[in-house]
Amino acid sequence: MIIERILIALLFLSGFAAIVGMRNIIKKIFGLNLLNASVVLLFILEGSRIGNQAPILDADITNMVDPIPQALMLTAIVIGVCVSALSLALAVRLYKATGSLDIQVITERLQREH
Amino acid sequence: MDTLSNILFAPVYLPLLGAALILVCKSFFKTTIRRLAEYVGMLIGLIVPVILTLSLRSELGAGRALEAVAGSWAQEIGIIYRFDGLSLLMILLTAAVTIPAWIYSRKVGPAHSSFTALLLVQNAAIAAISMTADLFNLFVCLEVMGVVAYVLIAGSQKGSAVYASFSYLMLSSTAMVFFLLGTFGLYRLTGSLSYEAIAQSLAAGENQQFALICLILLVVPILLRVAVLPLSLWLVDAHSKAPHAVSALLSGVLLKIPLFALVRVFSLVPDSALFALPISYAGAITALVGVLMALAQSDAKKLLAYHSISQIGYVVTAWGLALQAGVHTQAGALLLSVSFFHAFSHALFKALLFLAVGTATDAGANRNVYTLRGASRSLKREGERLPITLLCYLVGALSIMAIPPFNGYFSKNLLTYAIKGGVHYPMLTMAGVGTVASFLKLSRIFLPAKEKEETLAARLRPRFPLTLHAGLLILALLCILTGLFAPETYAFIAGLLSAQPVQSYDAHFFFTSDTLAKTLSTALAGIALFLFILTKPGAWIFHQLGRYKARFSDLFFGFALALALLLLVARVL
């Protein structure tokens, strides 16, 4: 259990570092996806503490996982996909407007516009 | 019971239905039907829910609330919506800004039907936020509201608007991941997601420290949407680069809704009151810093955006003090009502200012406060016969400067009266001085230009869009009405927000010699400050301030700082 948690924490941190530190906006979006994925994994891991079978009601299911985190994460994944799609669309717009994907170059060129 | 729950869900379902109708008609029909669908969608999505919820007014107040479960599931597993006085007020505030802003946008854009559909989706999300009694549902609705906001900001298609939208999206989505972590923590601790069950379980349990950390993870992302310092760096670009109608909405509605939804999240954890005081200090600092930065701006819409930060600081100050006193106590209910009253006035006058200044700067094709002059003449050239834009601007500016008899005077004075005696009071008074000074600075855009006046042939004038004036006039009228009937407006808000009968204020209360002397001295100090900016050293100081531009990483630095500060508070206290 502890190893999984450390791995999830690493995933979370690398996502955050990518969002803040990477200059390429596509990599920033990847970072956001990593961040989302790490929290999803955390919820699923937590739900599996009390059982190990899929939460499908059947006669011979005895120790199923907690179904609520799974239901929540399904929603969170959908939201994550929406946000990624929108951010990629914005990235394309930014590239068309400034001809670059580098956040510093983008800000400089946008400032020169004025 | 069944009709009741239908009415409760109407503010969420009907806007979605309206949006669906508009989008279907957009893809299958030609212009006329598309247009018609927009009006029908707006009617069933915005106006009908407001009327329906207003009809529930008699059931509310005195701490009562109505409950319903979505999709007639059992109480334990369904999503519970609780409709109380605060929900009704939030829905009314949203409608009061959305309808005029939409009317304004009819001719000057963004006037496509997906804009109307987006507005409706946003209204559905806001109604759901105002009513939900479930942490995860709050997360979903906040994300829906956020996604619509990102799309709306990027709507003007300019590169800088897209950049503003992108950085807001990255920051806010990252913050929402932290919100999810907080939800996770509370779910682990209590095994439930509904507010009531969490509060019950936490009141009994130990583990208070862990619960507090989870609360911080929930509070900071919401305060980010509210734009309290140091979380407000994203706001300036987003609000100033968006289309005018969107700016009005962002600043009028989207800043306040999360703040008042946070009232309920706060009540989950027993010791949460210890964060309330630091947040109220942050609010007072926000009010002061916001106005100083506003004074330093040269871009008209940026100046207004910094004023949004400053005014939300006022609201947050009273809000924090209310939560510290406890919203169920007499003093807390008073402070919360005052806070909402100012939020409501600010929503009206700031929306009005964004629309009026936007119209003026568009007509002058210039947004620089120092170089744009003679805006009313440019408006005349555009075909405006009566100086309605100027008059509406004046209503908004006098409201924000707290000059009677407009609504800002009443709400600001009531707010400063309610917090009198604390450290916050002098800070907010100073912010009031700065507000007067910066609006004197902004008002210069309407001064006559130096160049010679050319005469315009009346028949050559283009027609000025009627809907634009209608949008402005509705907001100006609301500003004047909530000012003239300020005691009644306040009594309405306080009656919905507090469980006990509240003290009401009559008109005399607002016009004591003390209050009038304070208003006069604030105005005079504001004029003095304005004159100081015009001098060489003053201009130099504010020019240096105005050069600050938030970089992408600064936004995240502010977020980390806010998290760290609140964690520190939790450790120390």
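The values are calculated or read from the model by the stated rules, or taken from the named source; none is laboratory data. Since this is a predicted model, take the numbers as computed values, not measurements. We place every Cβ from the backbone using ideal geometry, glycine too, and count neighbours over all the protein chains shown.
Only one entry in B:A356, B:A375 is closer than 25 Å to B:G471 by Cα, buried (at least 24 other Cβ atoms within 10 Å of the Cβ) and over 21 Å from the mean Cα position of the chain (by Cα), namely B:A375. Within segment B:128-162, being more than 20 Å from B:S114 (Cβ to Cβ) and either within 11 Å of chain A (Cβ to nearest Cβ) or more than 21 Å from the chain's Cα centre (by Cα) (or both) holds for B:A133, B:D134, B:L135, B:F136, B:N137, B:F139, B:V140, B:C141, B:L142, B:G159, B:S160. For segment B:201-255, a tally of residues being polar (S, T, N, Q) and under 21 Å from B:S165 (Cβ atoms) returns 4. In segment A:101-114, the residues that are at the interface with chain B (Cβ under 8 Å from one of its Cβ atoms) form Cβ pairs under 7 Å with partners that are in a helix (DSSP H, G or I) and among the aliphatic types (A, V, I, L, M), at six or more places apart or across chains, as follows: A:I103/A:I25; A:I106/A:L94. In segment A:14-28, the qualifying residues are those that are of a type outside the set (K, R) and in contact (Cβ under 8 Å) with a residue 60 or more places away in the chain, and the one that is surrounded by the most Cβ atoms within 10 Å (Cβ to Cβ) is A:I25. Remark: A:L90 matches the filter, which requires a residue to be surrounded by 17 or more Cβ atoms within 10 Å (Cβ to Cβ), within 25 Å of B:V147 (Cβ to Cβ) and under 20 Å from the mean Cα position of the chain (by Cα). The residues in segment B:248-287 that are of a type in the set (K, R) and modelled with pLDDT of 90 or more can be counted, and the count is 1.
Does B:A351 fit the bill of being surrounded by 24 or more Cβ atoms within 10 Å (Cβ to Cβ), touching a helix residue (DSSP H, G or I) at 6+ places or on another chain (Cβ under 8 Å) and either among the β-branched types (V, I, T) or part of a helix (DSSP H, G or I) (or both)?
yes
Which members of segment A:14-59 meet the condition of being over 28 Å from A:Y95 (Cβ atoms), more than 8 Å from every other protein chain (Cβ to nearest Cβ) and part of a helix (DSSP H, G or I)? Once the filter is applied, which keeps residues that are over 28 Å from A:Y95 (Cβ atoms), more than 8 Å from every other protein chain (Cβ to nearest Cβ) and part of a helix (DSSP H, G or I), segment A:14-59 yields A:V40, A:L41, A:I44, A:L45, A:G47.
Taken over segment B:439-450, the residue count meeting the criterion of being part of a helix (DSSP H, G or I) and more than 20 Å from the chain's Cα centre (by Cα) is 7. Evaluate segment A:68-75: report whether one residue or more is over 25 Å from B:S172 (Cβ atoms), surrounded by 13 or more Cβ atoms within 10 Å (Cβ to Cβ) and polar (S, T, N, Q). The answer is yes; a qualifying residue exists. For segment A:64-84, check the following and say yes or no: at least one residue is assigned to a loop (DSSP other than H, G, I, E, B), within 10 Å of another protein chain (Cβ to nearest Cβ) and either under 27 Å from B:Y187 (Cβ atoms) or without any contact (Cβ under 8 Å) to a residue 12 or more places away in the chain (or both). Checked segment A:64-84: at least one residue is assigned to a loop (DSSP other than H, G, I, E, B), within 10 Å of another protein chain (Cβ to nearest Cβ) and either under 27 Å from B:Y187 (Cβ atoms) or without any contact (Cβ under 8 Å) to a residue 12 or more places away in the chain (or both).
In the set B:A199, B:A154, which member is assigned to a helix (DSSP H, G or I), among the small types (G, A, S) and over 20 Å from B:L235 (Cβ atoms)?
Answer to the selection: B:A199.
Only residues that are surrounded by fewer than 18 Cβ atoms within 10 Å (Cβ to Cβ) and among the aliphatic types (A, V, I, L, M) were counted in segment B:431-449, giving 2.
Exactly one residue out of B:Y104, B:Y81 is closer than 20 Å to B:V144 by Cα, in contact (Cβ under 8 Å) with a residue 12 or more places away in the chain and buried (at least 24 other Cβ atoms within 10 Å of the Cβ), and it is B:Y81. With the structure loaded, tell me whether B:A175 is surrounded by fewer than 20 Cβ atoms within 10 Å (Cβ to Cβ), assigned to a helix (DSSP H, G or I), more than 9 Å from chain A (Cβ to nearest Cβ) and more than 19 Å from the chain's Cα centre (by Cα) or whether it fails that test. Against the criterion (surrounded by fewer than 20 Cβ atoms within 10 Å (Cβ to Cβ), assigned to a helix (DSSP H, G or I), more than 9 Å from chain A (Cβ to nearest Cβ) and more than 19 Å from the chain's Cα centre (by Cα)), B:A175 does not qualify. Residue-level check: of (1) among the polar types (S, T, N, Q); (2) surrounded by fewer than 24 Cβ atoms within 10 Å (Cβ to Cβ); (3) within 9 Å of another protein chain (Cβ to nearest Cβ), B:T190 misses just (3).
Taking the criterion of being surrounded by fewer than 23 Cβ atoms within 10 Å (Cβ to Cβ) and within 12 Å of chain A (Cβ to nearest Cβ), would at least one residue in segment B:163-171 satisfy it? Within segment B:163-171 (the criterion being surrounded by fewer than 23 Cβ atoms within 10 Å (Cβ to Cβ) and within 12 Å of chain A (Cβ to nearest Cβ)), the answer is yes, since at least one residue qualifies. Among the residues of segment B:248-263, are any touching a residue at least 12 places away in the same chain (Cβ under 8 Å), more than 16 Å from B:I312 (Cβ to Cβ) and assigned to a helix (DSSP H, G or I)? Among the residues of segment B:248-263, not one is touching a residue at least 12 places away in the same chain (Cβ under 8 Å), more than 16 Å from B:I312 (Cβ to Cβ) and assigned to a helix (DSSP H, G or I), which makes the answer no.
Taking segment B:489-513 as the region of interest, how many residues are of a type outside the set (A, V, I, L, M), farther than 15 Å from B:L86 by Cβ, assigned to a helix (DSSP H, G or I) and within 26 Å of the chain's Cα centre (by Cα)? I'd like the intermediate steps shown before the answer.
Taking segment B:489-513 first, the residues of a type outside the set (A, V, I, L, M) are B:489-490, B:492, B:495, B:498, B:500-501, B:503-506, B:508-513.
Still in the list and also farther than 15 Å from B:L86 by Cβ: B:489-490, B:500-501, B:503-506, B:508-513.
Then keep just the ones that are assigned to a helix (DSSP H, G or I); that gives B:489-490, B:508-510, B:513.
Checking which are within 26 Å of the chain's Cα centre (by Cα) leaves us with B:489-490, B:510.
Summing the residues that are of a type outside the set (A, V, I, L, M), farther than 15 Å from B:L86 by Cβ, assigned to a helix (DSSP H, G or I) and within 26 Å of the chain's Cα centre (by Cα) in segment B:489-513 gives 3.
For segment B:332-352, the criterion of being within 30 Å of B:K107 (Cβ to Cβ), at pLDDT 90 or above and of a type in the set (D, E, K, R) is met by at least one residue.
Looking across segment B:524-573, the residues that are touching a residue at least 60 places away in the same chain (Cβ under 8 Å), in contact with a helix residue (DSSP H, G or I) (Cβ under 7 Å, 6 or more places away or on another chain) and within 14 Å of chain A (Cβ to nearest Cβ) come down to B:A550, B:F552, B:D554, B:L555, B:F556, B:G558, B:F559, B:L563.
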